[in-house]
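Here is the structure we will look at.
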Amino acid sequence: MDLRRLEIFAKVAELKSFSRAAEALLLTQPTVSEHVRALEAEVGAQLLDRLGRGAAPTRAGELLLGYARRLLALAREARQALDQFQGRVSGELIVGGSTIPGEYVLPALIGRFKVTYPDISICLLIDSSHHVSQWVDEGRVEVGVVGAAPVPRTLVSRELMADELVVVVPNDHPWAGQEEVTLAEVQKEPLLVRERGSGSREALERGLAEVDTGLAAFRVAGELGSTQAIKQAVRAGVGVALISKRAVEDECRAGLVSCLRVKDLRFARAFYLVTHRDRSRSPLAQAFVELVESQAPGRAS
């Protein structure tokens, strides 16, 4: 099979759109459509359902998509290995991050990596911890950093760095300026939480379970799909939140919100580096893993 056709098919399946795939690949939409039709003719099956302006893989398409991702990853690895053999380090590295490490930890690490390898291209995909772990399992990304340890036995996770959850309130809240509050006080306030499946939500629920309580004991005012949305809602006075200290440090220093500890509860959590147990890593991915691991406690930075 032609790797370019597989790449185009995978991009359409990923973005669920022929037009968005064409834009991402710097091609015209008719060219993308022609490549997909040629691939369907070659395999003798329809790979994508055309749904108005969108597209979705058929069952045959889902089957081929898994192999396509593995073949494309292997092709990238081969190119990187040859570049490394010839004294060059180039190519593309695809990294996954759940919301907190993806938005507040990985960008700085990617910046350091680019200083060492200026000719490389890095694509950072951000989603929930569950989805990022799934991407690593499927081979869509080689490396992931998440806020909840993955479940599949095919994956290996290593604890990288600690984090904690803090109570965040707007500056006109009666608690503003305090250092800590009690859990009972928090239970009386409208609470904003992350969506189910996020690492932050799982860390919060684990911490509450350790003191024999749960979110049912709180006045949950809303579930939001990103930490940024929660911070904006807090500033708007919608409620208070229990979120990552790393995610709100800048706002606290700037005086945009107030951050407090919970006196009788400690929400400890960690970020995890996730890789596949059996798949070989490209030279770029291995170099990035080594950089990320160097940030773990007890290792040289």
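The values are calculated or read from the model by the stated rules, or taken from the named source; none is laboratory data. As the structure is a computational prediction, the values presented were derived from the model and not from experiment. As a convention, Cβ positions derive from the backbone with ideal geometry for all residues, glycine included, and neighbour counts pool all protein chains shown.
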Residue 211, sole failed condition from (1) surrounded by 14 or more Cβ atoms within 10 Å (Cβ to Cβ); (2) assigned to a loop (DSSP other than H, G, I, E, B); (3) of a type in the set (A, V, I, L, M): (1)
Residues satisfying the stated conditions in the range 143-152, i.e. at pLDDT below 90 and either within 12 Å of the chain's Cα centre (by Cα) or of a type outside the set (Val, Ile, Thr) (or both): 147, 148, 149, 150, 152
Residue identified as touching a Phe, Trp or Tyr at 6+ places or on another chain (Cβ under 9 Å), in contact (Cβ under 8 Å) with a residue 60 or more places away in the chain and in the same structural domain as residue 231 (by TED's automatic domain parsing) among 146, 181, 168: 181
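Quick grid of which residues meet (1) of a type outside the set (D, E, K, R); (2) in contact with a Ser or Thr (Cβ under 9 Å, 6 or more places away or on another chain):
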position: 99; (1), (2): yes, yes
position: 107; (1), (2): yes, no
position: 111; (1), (2): yes, no
position: 117; (1), (2): yes, yes
position: 120; (1), (2): yes, yes
position: 123; (1), (2): yes, no
position: 144; (1), (2): yes, yes
position: 159; (1), (2): no, no
Positions within the range 174-200 being among the β-branched types (Val, Ile, Thr) and in contact with a helix residue (DSSP H, G or I) (Cβ under 9 Å, 6 or more places away or on another chain), in sequence order: 193
From 14, 42, 92, 7, residue being exposed (fewer than 14 other Cβ atoms within 10 Å of the Cβ) and closer than 17 Å to residue 135 by Cα: 92
Helices (runs of 4 or more DSSP H) fully within the range 60-149 counting 1 or more residues that are within 30 Å of residue 42 (Cβ to Cβ): 129-138
Residue 266 part of a loop (DSSP other than H, G, I, E, B) and in contact (Cβ under 8 Å) with a residue 12 or more places away in the chain: yes
Within the range 11-47, tally of residues that are under 24 Å from residue 127 (Cα atoms) and not aromatic (Phe, Trp, Tyr): 14
Number of the exception - residue 157 against (1) crowded, with 16+ Cβ neighbours inside 10 Å; (2) not in a strand (DSSP E or B): (2)
Test: residue in the range 29-38 that is in contact with a strand residue (DSSP E or B) (Cβ under 8 Å, 6 or more places away or on another chain) and of a type outside the set (A, V, I, L, M, F, W, C): no
Filter result (in contact with a strand residue (DSSP E or B) (Cβ under 7 Å, 6 or more places away or on another chain), among the small types (Gly, Ala, Ser) and closer than 19 Å to residue 163 by Cα) within the range 227-269: 241, 244, 258, 268
Selected residue [touching a helix residue (DSSP H, G or I) at 6+ places or on another chain (Cβ under 7 Å), β-branched (Val, Ile, Thr), within 15 Å of residue 60 (Cα to Cα) and without any contact (Cβ under 8 Å) to a residue 40 or more places away in the chain] from 36, 32, 12: 36
Filtered residues of the range 38-55 (kept if outside any strand (DSSP E or B) and closer than 14 Å to residue 21 by Cβ): 39, 47, 53
